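Before I ask anything, let me first share the structure, which is written out below as structure tokens.
The values are calculated or read from the model by the stated rules, or taken from the named source; none is laboratory data. Fair warning: this is a prediction, and the values are worked out from it, not measured in the lab. All Cβ positions, glycine included, derive from the backbone under ideal geometry; neighbour counts span all protein chains shown.
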């Protein structure tokens, strides 16, 4: 199934993080995302600050709708995203769903 069509579900602290074999499987479904210190990571480049800010705001809108919020770092012409499910101290399907949705932003 296309992850970008799925919805994030609330994670509870009793849930376990996704096992590494599933992380590797899901990583293949989200183009150009990498595993960095047990978090999903991707960097985006833009032509100027205004375009970068517009992209960040689109991510913010998606994150609010999904109830799953990434760590976003941005500056002139560059934005990096880290995804991690804090409630379970690891990766969940939500992280991959959000990554797939971010990949669809134009």
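Within the range 50-106, count every residue that is under 17 Å from residue 38 (Cβ atoms), out of contact with any strand residue (DSSP E or B) (no Cβ under 8 Å at 6 or more places or on another chain), loosely packed, with under 15 Cβ neighbours inside 10 Å and modelled with pLDDT of 95 or more.
0
Identify all residues within the range 37-49 that are surrounded by fewer than 16 Cβ atoms within 10 Å (Cβ to Cβ) and either modelled with pLDDT of 95 or more or touching a strand residue (DSSP E or B) at 6+ places or on another chain (Cβ under 6 Å) (or both); write none if there are none.
43, 45, 47, 48, 49
Also, quick follow-up: Scan the range 8-22 residue by residue and report those that are surrounded by 11 or more Cβ atoms within 10 Å (Cβ to Cβ), out of contact with any strand residue (DSSP E or B) (no Cβ under 6 Å at 6 or more places or on another chain) and in a loop (DSSP other than H, G, I, E, B).
8, 9, 15, 18, 19
Which of (1) crowded, with 16+ Cβ neighbours inside 10 Å; (2) in a loop (DSSP other than H, G, I, E, B); (3) more than 16 Å from the chain's Cα centre (by Cα) is the odd one out, the single condition residue 30 does not satisfy?
(3)
Next up: Collect the residues in the range 68-104 that are in contact (Cβ under 8 Å) with a residue 12 or more places away in the chain and more than 12 Å from the chain's Cα centre (by Cα), keeping them in residue-number order.
74, 75, 76, 77, 78, 79, 87, 88, 89, 90
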